[in-house]
Structure formats: structure tokens, C-alpha cells
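The next block holds one structure in the form of C-alpha cells; read it before the comments.
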Amino acid sequence: MTTPIIGPLPAVLLAGQPVSAAPVMADFNWIVSQVNANAGSGTTLSRVMVTCIGASTMTTAVPMVIGTTANVGNAVTVALDTQAEFNSATGLFTAITAGTYQITVNAMGIPPGATFTAEPVIFCRKNGSNIDQPSFMCSVGGGVGFDTFVGSNFAVVSLIAGDTLSATITVFFTGFAPTFQFANLSIVGLG
């Protein structure tokens, strides 16, 4: 029998329950803290967590790169960067050590007055190219007056020194631009 490295989540989200950033962020931060606490000792690989709160409105079909000041304004917080590998001007994580890395992206948006023409999509990217299948963000409600949309994506990838990781969110809509309530990027070196 294996012992889980992540304990029970502090917030339980139920189907049909209105979603707010507080319980989602509590669960996300709990997962990050549990993974970091249980990571192998002596590792020289990175641990990065970037949070964008109250991010700027989106432009349809133009990806938001999580962590860039260009499309998130002053809402970027680099909460953790153990090896100084994250550039908040570009939104790029550049590995200084070869190894296996885990990238996790979480996002929630609120699009009052927007009508979506396709589901919002999250991609994890290595050296500017998508490294996984898109993660489609689920929505609550639909059409004009859409309540919220939430989603996450996860990938494990091998990097050499100089490789980059990033994450993008692309939204397709007409009407008013949706606003991100939060977006998170977490990168952990696994060895």
C-alpha cells in the first residue's frame, strides 16, 4: 500500500455549487504545499508558483501567457522561485538544471456579458510549443451573463538546461471581454 503525499483537500467543491476563488485557491495552495513538503530532499531543481489575481480582460483568440505583465497588468505575484528561473516580463520559466519537471496550471474567469463561441482552452508549453492536449475549461451557465469558467492542466516533461516552460489560456468570445479572477502556474522539479 502506498502512502499519499497529498492529504485531504481543505475545501470541498460540490457539483452545482457557485465557484469563488477562495476555496479553489485554498485547495490549490494546499496541493502545492503538500507536494513541496514531500519532494525528495537534496534536489536542486526548481519550485515555482506564480499567481495572477484580478487579471486584465482577455482579447478573443489571443492567448494570455500566465505571469506576463504585458497581459496581466500589475496582478502578477511570484510567490515562490527557488532558483530564480521565472521571468515575469515574459511569463517564461527557463530551466538551469536538466531533469523532469511538473507544470500545473489553474484558472478561473468571470465573463459578464460575454458570449463564448468555443470553450476556453489551457495549454502547457515547452520552448513555445504545446506539450500536451488542450485542457478545456468547464463553464457554469452559458451565453450572455455567463457566471464563471474554471479549468486546469497538468504535464510532466523532461527539460535540459535552457529549455522553457509556459502556459497559455485562449478564450473565444463575442461581446464584453471576460476577466480572470485568478490564474496560477506551478512548476516543480521532480529529479
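The values are calculated or read from the model by the stated rules, or taken from the named source; none is laboratory data. In this text the structure is predicted, and so the values were computed from the model without any measurement. With ideal geometry, Cβ positions are generated from the backbone for all residues, glycine too; neighbour counts draw on all protein chains shown.
Things worth noting here:
- Members of segment 95-108 that are surrounded by 19 or more Cβ atoms within 10 Å (Cβ to Cβ) and either modelled with pLDDT of 90 or more or under 20 Å from N130 (Cβ atoms) (or both): A95, Y101, I103, T104, V105, N106, A107
- Matching residues in segment 123-172 - criterion: being assigned to a loop (DSSP other than H, G, I, E, B) and at pLDDT below 75: D132, Q133, P134, M137, G141, G142, G143, V144, G145, F146, D147
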